[in-house]
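Worksheet: one structure, shown below.
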Amino acid sequence: MLIMRTADYRAVPWKNGGGITREILRVPPEPTPFDWRLSLASIASPGPFSSFDGYHRTLVLVSGAGVELDFGQHGRTQLTTAGQMVSFDGAWQTSCTLLDGPSTDLNLIVSRERIRLASRAVQLTPRLSRVIVM
């Protein structure tokens, strides 16, 4: 079992300069382009998302009032409840609007060429989440 502590997450600037993500896991490590990366990002202001051409993105709302994501010709979606998830092409021009203050999301970014992705969000019961945290 691999136990990751928040203090161990590496702070990485967003590609667009708009904020910082906390990189939880990255395979393979830098400087090689990653096959997949799991990170936790705090979104403090509205604006564009970084482009990840060649990658598939999955976001899960962790905390905050939520966000509205505008994917241009691909539509819009709102994440308003912790655990809500959206998946999209990393090359899509995506802009984010905060619904009522800052929000935090969990990001899984996966290479479309090198990795096959299947993801889903699972709501844990309070008893089970205590067991996993230990």
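The values are calculated or read from the model by the stated rules, or taken from the named source; none is laboratory data. Owing to the predicted nature of the structure, the values given are computational and were not obtained by experimental measurement. Ideal geometry is used to build each Cβ from the backbone, glycine not excepted, and the neighbour counts take in all protein chains shown.
Some values worked out for this structure:
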| item | result |
| --- | --- |
| VAL110 being β-branched (Val, Ile, Thr), part of a strand (DSSP E or B), farther than 21 Å from ASP8 by Cα and within 15 Å of the chain's Cα centre (by Cα) | yes |
| Count - residues of the range 69-107 that are among the charged types (D, E, K, R) and either part of a loop (DSSP other than H, G, I, E, B) or touching a Pro at 6+ places or on another chain (Cβ under 9 Å) (or both) | 1 |
| Pair list, Cβ under 7 Å, 6 or more apart: the range 100-126 residue within 17 Å of SER51 (Cβ to Cβ), other residue at pLDDT 85 or above and part of a loop (DSSP other than H, G, I, E, B) | ILE109/PHE52; ILE109/GLY90; SER111/ASP35; SER111/GLY54; ARG112/GLY54; GLU113/GLY54 |
